[in-house]
Amino acid sequence: MKKVAITLNINNRDVDMLVEPRKLLSDAIREDARLTGTHVGCEHGVCGACTVLVDGKPQRSCLTFAVQTQGKAITTIEAVKGNNDGYSALQQALHEEHGLQCGFCTPGIIVTFEAYLKENTNPTEDEIRDVLSGNLCRCTGYQNIIRAIQKAAAVMRGETPGAAK
Amino acid sequence: MEHTKGKNDFTALGKRMPRTEDHRLLTGHGRYIDDIDVPGALHACFIRSPYAHASILSINSTEAEDMPGVIGIFTGKDLAEWTTSLRMAPSIEGVKPVEMTTLPIDKVRFHGDLVACIVATDRYIAEDALELVEVDYEPLDPVTNMFKAQDAGSALVDETLDTNLVSHQTFATPDVEKVMAGTDRMIETNFSEHRQTHLPIETRGIIAEWDAGREHLRIHVGTQAAHPYRTAIAGRMKLSESQVTVISPDVGGGFGQKIALYREELTVAALARHLKCAVRWREDRFENLLAASHAREDWVRTRAAVDENGKLKALSLEIVEDFGGYCFYPANYLARVIAMILSGPYKLDHYAFDVKVVLTNKCGNGPMRAPMAITSWIMEGTMDAIARDLNLDPVDVRRINMIREDEFPYQMASGETLEDINPFETMEKGLSIIGYEELRSAQAADRERGIYRGIGICNVVESTTYGSKFYKSAGIPGSGHESAWVKIEPSGAVRGAVGISATGQGYETAFAQAIAEGLGVDPLEVKIEIGNTDIAPYGMGSRGARGGTAGGGTAYLAGLEAQKKVLAIAAKMLALNTADQLCMKEGKVWRCIKDDWTETELTLADIARTAYLDPTKLPDGMEPGLEVHKAYDPPPMTYSNSSHFCQVSVNINTGEVTFDRYLIVENCGTVINPLIVEGQQHGATIMGISGTLFEHVVYDENGQNLTGSLADYLIPTAADVPELEIVHMHTPNKRTPAGIKGMAEGGVMGAIGAVSNAVSDALAPFGITIDKHPITPDALRALLRNKS
Ligand code: FES
Ligand code: FES
């Protein structure tokens with residue numbers, strides 16, 4: 001198949017690449033932009049591990065062709081951080097609450113909720129469970145992830161960390 | 001056990017510290033197989049059988065081979081030249097010897113079985129080439145039912161055997177028949193677990209690099225047991241172990257799926273050597289669901305002889321397990337353990353079992369987190385059946401049968417010894433927390449209003465760490481030992497390594513805590529290296545729940561040994577005759593003078609500097625350097641226990657099961673890190689719930705796997721699972737290092753029993769008892785329809 005030259009804007013950086021039109025965005029990010037934090041767990045849109053932000057909105061990169069995302073702003077896990085390049089509130093809370101085990105699902109979850117917590121600063125537990133249901137995790141049983149998201153939301157609202165419980 | 005401190009003196013063990021491995025995983029800098037860049041690596045992909053059972057007549061790959069970018073297409077015959085076959089022939093009575101080639105040559109045994117391997121310069125090209133290969137098959141009768149598979153006229157999955165019954169083992173205590181015959185109350189109960197699969201979110205994958213100059217094979221593969229894996233692959237490729245390095249980097253979950261050396265992986269490694277380059281393979285999800293490894297399909301019947309009070313007099317167990325088409329493990333590996341530890345927390349003097357393992361045309365089975373999980377459903381389901389039959393309260397039946405505190409150590413009828421557990425205490429504690437009596441009254445009132453709620457109880461005795469003696473007595477090949485080293489570098493930097501490899505359990509943090517406790521330093525000062533056979537010492541890997549006792553225990557012992565050497569040097573430096581009154585704390589040497597501990601000016605760094613750079617100051621005869629190696633073989637078996645309490649509501653119109661409450665009271669001994677332990681308990685319990693209510697590998701009668709995507713093979717989402725409450729009642733094991741017992745599988749055991757019993761309890765007014773999983777809404781609706 002003939003390759004085409006495209007430029008993707010990933011994490012505020014333009015990356016030129018030569019790809020087949022059928023190349024998945026997930027593969028382009030991982031192989032051509034060499035950002036391997038975005039994981040592929042199913043390649044059919046169910047597990048959510050490959051989630052990235054496209055113009056600020058979560059999107060399955062395994063269901064998107066790289067060529068479709070030219071001219072859009074793509075954000076991956078590698079760009080998530082807090083002040084002074086430390087953890088974001090969500091990363092910090094996942095760490096403290098043990099919201100990850102093997103870590104394979106984690107980037108998809110972080111990216112999804114970095115966006116969601118900006119939209120909904122005070123989500124209920126049911127809302128969190130509902131949004132999180134787009135990401136499969138086989139290790140944690142979800143409980144500590146939910147606790148971490150509640151904690152991060154509280155921190156982001158400026159409340160004391162303990163208030164989220 | 002050799003340690004001088006009491007349990008309350010631990011500082012690093014038991015510390016609720018967040019994991020050190022988190023940093024790379026939270027920031028997108030983990031290194032899973034696919035993240036490892038090997039320039040010029042070729043890509044493999046596999047041609048798989050569309051049939052459950054068929055002869056391979058011919059493979060025509062000319063057109064595919066001509067495609068630009070295709071390096072070659074390789075078949076079973078090619079691989080047979082480069083590798084030996086796997087012979088599974090343990091000298092155990094009742095287990096038939098079997099053998100499999102690296103790739104099938106004449107026939108395929110399940111839908112998704114391997115036929116040939118394509119190697120190309122890129123994964124997309126390899127998959128394009130796959131479409132062009134023509135394979136001519138002659139379909140054979142599929143064997144898809146483990147009962148019919150035993151019929152005389154059944155097609156044979158493996159023609160080298162004269163039957164599909166690949167393993168049959170029995171056991172009986174001397175008087176069991178007499179006791180059974182002498183009771184007038186015999187209660188028969190059935191249990192049937194369906195086929196499941198492990199579903200790690202990272203699928204399997206491998207990168208094999210052949211260094212033609214050094215004749216060395218370097219493998220990156222996600223494995224739970226890097227050392228046994230290296231032994232296996234070296235043997236099958238006729239290499240020496242010294243010619244193979246196995247590196248297991250970050251692994252996206254294993255749950256038992258990443259233990260065996262798989263045929264795909266061996267093929268890729270053999271091709272790397274043949275082609276003198278690097279070859280990589282990434283399994284896709286379809287392949288993972290069809291062909292990685294399955295687990296748990298079995299049928300069980302118990303016959304319980306009881307007296308009028310519900311006291312168990314004798315029990316017989318029959319198991320038939322559907323093992324699939326190939327034996328990657330000895331065929332008795334899983335079912336036999338179920339039979340050995342069945343009775344769990346209950347007293348049982350007279351016992352018999354009959355365990356059959358059958359080959360069928362399905363994916364081969366392997367151990368999945370808590371392969372013995374069904375034991376607790378069997379025993380707790382049997383307790384409930386006794387209660388129903390005699391019209392007793394299920395809790396009273398448990399009370400009358402349970403082993404009490406003063407009866408431990410307790411020798412089970414199978415010969416295994418239970419000790420240092422407290423099932424009666426965890427059950428009573430849980431009953432009082434949930435307010436059992438009140439729940440029963442509320443349940444009765446709810447039923448009047450047409451609301452069907454059920455309470456399920458499951459007391460778990462979890463076999464955690466299998467020592468070599470257990471394997472020997474169970475007739476299963478294998479060792480249970482583990483090994484570790486601690487090296488203190490000249491600057492005082494502490495490194496530790498353990499033979500076991502991690503798949504998300506937080507071993508780097510936990511083992512750092514164990515070594516830190518033994519050595520007397522801060523856990524954050526200990527750097528752990530695991531999952532590399534060139535670095536870590538030979539260990540048996542991560543399986544069972546042996547990470548805590550075998551892995552953590554050995555690490556702790558290695559730390560203690562290192563401290564001993566450090567203190568011997570310190571004594572010399574302080575001009576003391578002995579080190580008896582010295583200890584290490586927070587990286588410094590402390591000294592006891594008249595019961596008073598005070599800090600000396602010596603630090604670990606001072607001692608390390610002496611050991612390496614000023615060895616003439618060492619005690620007479622001591623070798624320079626500061627390294628220790630320790631191996632440890634745990635007791636035949638260690639046990640943890642827990643009691644699960646689950647309250648559900650069943651919507652009788654939709655068949656939907658929802659959770660009202662889920663409580664666990666548990667005892668896993670000395671805890672290395674409470675945060676990690678709770679995480680493991682959450683994960684295991686939800687995996688048990690998932691298996692009971694959601695997951696199901698479905699084959700049709702032709703042996704076609706109908707569950708090849710995550711839309712068909714369901715695991716719960718965050719919206720489907722209950723919040724778990726966990727209460728701890730830890731008592732240490734007296735025979736293990738630091739009293740560690742292990743856990744991480746018991747949650748599965750508890751959930752299977754508690755959820756099943758809760759649903760049965762909810763539907764008691766309809767006379768429905770759950771004897772089959774998964775309990776899906778459709779399955780429940782069908783049961784309810786039959787009853788009305
Ligand atoms: S990899 Fe994209 S949703 Fe699973
Ligand atoms: S942490 Fe392993 S899949 Fe979520």
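The values are calculated or read from the model by the stated rules, or taken from the named source; none is laboratory data. Bear in mind that the values here come from a model prediction, so they are computed numbers and not experimental data. Glycine gets a Cβ as well: all are built from the backbone with ideal geometry, and neighbour counts include every protein chain shown. Surface areas here come from the heavy atoms of the whole protein model, side chains and all, with no ligands, DNA or RNA. Shrake-Rupley method; radii C 1.70, N 1.55, O 1.52, S 1.80 Å.
Listed values, structure above:
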item: Coordinate range along principal axes, alpha carbons of segment B:546-657, Å, largest first; result: 83, 32, 25
item: Accessible surface of the protein assembly as shown [probe 1.4 Å, protein heavy atoms]: carbon and sulfur percent; result: 48
item: Which listed pairs, of B:K313/B:K469; A:K2/A:K72; B:K258/B:K356; A:K23/A:K81; B:K313/B:K347, have C-alpha distances above 18 Å, in listed order; result: B:K313/B:K469; A:K2/A:K72; B:K258/B:K356; A:K23/A:K81
item: Separation between Cα centres of segment B:355-432 and segment B:519-593, rounded to whole Å; result: 38
item: In nm, spacing of pseudo-spin labels at B:I105 and B:E63 (7 Å Cα→C-beta vector); result: 2.9
item: Proportion of all alpha-carbon pairs of segment B:332-458 beyond 26 Å (%); result: 35
item: Translational diffusion of chain A, µm² s⁻¹ [Kirkwood Rh, Cα pairs; Stokes-Einstein; 25 °C; 0.890 mPa s]; result: 151
item: Alpha-carbon radius of gyration plus Dmax, which is the widest Cα pair, for segment A:83-156 in Å; result: 11.1, 33
item: Per-selection Rg to Rh, segment A:4-78 - Cα, Kirkwood hydrodynamic radius; result: 0.91
item: Cα-based equivalent ellipsoid, segment B:443-490: semi-axes from gyration tensor eigenvalues, Å; result: 50, 21, 6
item: Per-q log10 I(q)/I(0), segment B:55-213, q = 0.12, 0.14 Å⁻¹ (Debye; single scatterer per alpha-carbon; no solvent); result: -0.81, -1.01
item: Dimensions in Å of the protein assembly as shown - Rg and Dmax from alpha carbons; result: 28.3, 89
item: Accessible surface, chain B, averaged per residue in Å² (probe 1.4 Å); result: 35
item: Cα-based reach from B:K15 at 19 Å (exclusive), listing lysines while leaving out same-chain residues under 8 positions away; result: B:K5, B:K7, B:K527, B:K585, B:K741
item: Protection proxy ranking, peptides B:773-779, B:420-426, average beta carbon neighbours within 10 Å, highest first; result: B:420-426, B:773-779
item: Mean residue ellipticity (222 nm) of the protein assembly as shown, computed from DSSP H runs ≥ 4 via -39,500 (n - 2.57), nearest 500; result: -8000 deg cm²/dmol
item: Lysines whose Cα lies under 25 Å from that of B:K787, excluding same-chain neighbours fewer than 8 positions away; result: B:K772
item: Rounded Å value of the spacing that divides the Cα centres of segment B:712-788 and segment A:58-126; result: 32
item: Reduction of at least 50 Å² in accessible surface, 1.4 Å probe, comparing all protein chains with the chain by itself, residues of segment B:81-124; result: B:Y124
item: Residues of segment A:83-156: accessible area per residue with a 1.4 Å probe, Å²; result: 32
item: Area buried, chain A against chain B - accessible surface, total, 1.4 angstrom probe, square angstrom; result: 4200
item: Alpha carbon Rg of segment B:417-554, scaled by the compact-globule rule 2.2 N^0.38 Å; result: 1.56
item: Averaged over B:197-210, number of beta-carbon atoms from partner chains that fall within 10 Å; result: 3
item: Size of chain B as Cα extents on the principal axes (Å, biggest first); result: 86, 75, 50
item: Residues in segment A:80-99 occluded by at least 20 Å² - accessible area, probe radius 1.4 Å, against chain by itself; result: A:Y87, A:Q91, A:H95, A:E96, A:H98
item: Average beta-carbon neighbours from other chains, 10 Å sphere, peptide B:715-728; result: 5
item: Volume per residue of the C-alpha convex hull in segment B:642-788, rounded to whole Å³; result: 146
item: For segment A:4-78: accessible area per residue (Å², 1.4 Å); result: 40
item: Inter-chain Cβ neighbour average for residues B:11-24, partner chain, 10 Å; result: 2
item: Whole-Å distance, taken between Cα centres, linking segment A:5-40 and segment B:456-484; result: 47
item: All Cα pairs of segment B:5-65, percent lying beyond 12 Å; result: 84
